[in-house]
Amino acid sequence: EVESTSSERFATISSLAHAMVQERLDQMIRERQEARHRLERMRRQRGGGERRFVVMVAMEKSSHDPREDFRESMVEMITVNKIDDPKDLRRLLNYYLSMNSDEYRGLILEVFHD
């Protein structure tokens, strides 16, 4: 019984963290929508477009502090690839969630929200 209560609590925390991340990403999308439309119009007027490709490589790592390792990795990916578009941030989050085991899902969501 204690084990099931513990797993239910972590599921609730994970769900809450996921909802917080989702709300923040939605807010960023709304805030930047008009700016993106202006930028797209300017690009069309200039006759050119820019494509950006991000290459990510997953590697297995043993860690004593997974929270800090995820944080450092995410900050590096965002900084090096100059990711600032909410859709790209959402893709990055989905990448981290898909490439790591379910036991780290809540932690990844919390770190990404931070």
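Checking each residue in segment 87-101 for being assigned to a helix (DSSP H, G or I) and over 10 Å from the mean Cα position of the chain (by Cα) picks out SER98, MET99. Report whether or not ARG38 is over 14 Å from ILE108 (Cβ atoms), at pLDDT below 75 and either over 16 Å from the mean Cα position of the chain (by Cα) or surrounded by 10 or more Cβ atoms within 10 Å (Cβ to Cβ) (or both). No; evaluated as a whole, the condition is false for this residue. Between residues in segment 23-35 that are in contact (Cβ under 8 Å) with a residue 24 or more places away in the chain and open to solvent by 100 Å² or more (accessible area, probe 1.4 Å) and residues that are of a type in the set (D, E, K, R) and part of a helix (DSSP H, G or I), which pairs lie under 9 Å by C-beta distance while being six or more apart or on different chains? Sorted first by the residue in segment 23-35, then by its partner, the list stays empty. Filtered by the rule that a residue be open to solvent by 80 Å² or more (accessible area, probe 1.4 Å), over 15 Å from the mean Cα position of the chain (by Cα) and either among the hydroxyl-bearing types (Ser, Thr, Tyr) or modelled with pLDDT of 90 or more (or both), segment 58-86 gives a lone residue, SER62.
If we scan segment 102-112, do we find a residue that is of a type in the set (Ser, Thr, Tyr), over 12 Å from the mean Cα position of the chain (by Cα), at pLDDT below 90 and open to solvent by less than 70 Å² (accessible area, probe 1.4 Å)? No, that holds for no residue. Among the residues of segment 89-99, those identified as touching a residue at least 24 places away in the same chain (Cβ under 8 Å) and open to solvent by 40 Å² or more (accessible area, probe 1.4 Å) are ARG90, TYR95, MET99.
The values are calculated or read from the model by the stated rules, or taken from the named source; none is laboratory data. Being a predicted model, the structure only gives us computed values, none of them experimental. With ideal geometry, Cβ positions are generated from the backbone for all residues, glycine too; neighbour counts draw on all protein chains shown. To get the accessible areas, we keep the full protein, side chains included, count just its heavy atoms, and leave off ligands, DNA and RNA. Shrake-Rupley method; radii C 1.70, N 1.55, O 1.52, S 1.80 Å.
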